[in-house]
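Here is the structure we will look at.
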Amino acid sequence: MLARPIRVVVLLSGRGSNFQAMIEAQLPIDIAAVISNRPQAAGLAYARSQGIPTVALDHTQYPDRAAFDALLADEIECHRPDLVVLAGYMRILSPAFIARFEGRLLNIHPSLLPMFPGLKTHERALAEGVKIHGCTVHFVTADLDHGPIVAQAAVPVRADDTPDTLAARVLAQEHRIYPQAIRWFAEGRLINVHGHVNLKDDLASQSVLSPGT
Ligand code: GRF
């Protein structure tokens, strides 16, 4: 008998292109709900168009981060997720929230971590003059943008790049590696070896080197 598909809850704040890539990849997952802290997020409208249950929890209506995160965590737990996917969720999560979901909380970050944690990664990569940039899928821990790395993709930086052109090249790779990483999780193939994430029974590379466009 086949194992049941894992249950996934997606959190997003904006356009939701990574969420859309997840849907298009036809992963062996059951998306129980998409939750946004921004009621107008385009990603919520896309979820509704796909018949996926959505929840809008407007963070501006709550007194502080701890109160909002407690309610958000309770809402997520109602959907009994095996995995919580941050897909452009643009709020820092409180330590109490992360503790509740650690080990089943994935994020995609638009840089080659541990370089450029935080915001404005493409601007900062250009300002540093790096020649290679990229994106990282990682498990979320209390150490912001420093959790165990699952997969990475690298793109070349061009002399005439702007933050927007570089972001677009990186985003195309995000749309490749995030569905792949979620598939590995769903298949039970991600194993933690001394705090590093390896792929079970496989020597497949967890990195993608893109020639760019
Ligand atoms: C992506 O660049 C992702 O790396 C970052 O937020 C952005 C979300 O984009 N965490 P989208 O909403 O998935 O289009």
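The values are calculated or read from the model by the stated rules, or taken from the named source; none is laboratory data. All figures in this text were calculated on a predicted structure; none of them were measured in a lab. FYI the Cβ positions are ideal-geometry reconstructions off the backbone, even for glycines, and counts take in every protein chain you see. Ligands, DNA and RNA are excluded from the accessible area calculation, which covers all protein heavy atoms including side chains. Shrake-Rupley method; radii C 1.70, N 1.55, O 1.52, S 1.80 Å.
Of the accessible area of region 127-210, with the probe set at 1.4 angstrom, what percent is carbon plus sulfur? Numbers along the way, then the final one.
Details: 2310 of 4310 Å².
That share works out to 54 percent.
Of the options GLY43, LEU27, ASN192, report the single residue whose Cα projects farthest towards the positive end of the charge dipole of the chain (beta-carbon charges: Lys, Arg +1; Asp, Glu -1).
Of GLY43, LEU27, ASN192, it is LEU27.
On the Cα set of region 97-213, report Rg and Dmax in Å, please.
Computed over the Cα atoms of region 97-213, radius of gyration and Dmax are 14.4, 44 Å.
Quote to one decimal, in nm, the extra length available between GLN40 and MET115 on full extension: 0.36 nm per residue of separation minus the C-alpha distance between them.
Length difference between fully extended and current span is 23.8 nm.
May I ask for log10 I(q)/I(0) of region 6-199 at q = 0.11, 0.13, 0.14 Å⁻¹, from a Debye sum over the Cα atoms as equal point scatterers with solvent left out?
-0.48, -0.68, -0.79
Report, in debye and to the nearest 20, how large the dipole of region 6-199 comes out about its Cα centre when Lys and Arg carry +1 and Asp and Glu carry -1 on their Cβ. Don't skip to the end; give the middle numbers.
Numbers: 17 positive and 19 negative charges, 60 e Å.
Using Cβ point charges on Lys, Arg, Asp and Glu, region 6-199 gives about 280 debye.
Need one number: nm distance between label points at ASP202 and VAL130, each 7 Å from Cα along Cα→Cβ, rounded to one decimal.
With each label placed 7 Å out from Cα toward Cβ, I get 2.6 nm.
Taking the solvent-accessible surface of protein heavy atoms with a 1.4 Å probe, what is the per residue accessible area of the chain in Å²? Please list the in-between numbers first.
Details: 10660 Å² over 213 residues.
Accessible area per residue, the chain: 50 Å².
Suppose we look only past 16 Å in the calculated P(r) of region 163-208. What percent of the Cα-Cα pairs does that tail hold?
On the way: 483 of 1035 pairs.
Distances greater than 16 Å cover 47 percent of the Cα pairs.
Once Lys and Arg get +1 and Asp and Glu get -1 on their Cβ, which of SER94, GLN173, ALA66 lies farthest toward the positive end of the dipole of the chain?
About the Cα centre, the residue reaching furthest to the positive side is GLN173.
Figure the gain on full extension for ALA66 and ASP30 (residue separation times 0.36 nm, minus the Cα-Cα span) and round it to one decimal in nm. It would help to have the intermediate numbers written out before the result.
Details: separation 36, 0.36 × 36 = 12.96 nm, distance 2.86 nm.
Gain on stretching ALA66 to ASP30: 10.1 nm.
Taking the Cα centre of region 110-213 as origin, sum charge times position over the Cβ atoms of Lys and Arg (+1) and Asp and Glu (-1), and report the length of that vector in debye to the nearest 20. List each step's numbers first, then the result.
Values: 9 positive and 11 negative charges, 29 e Å.
That gives a dipole near 140 debye.
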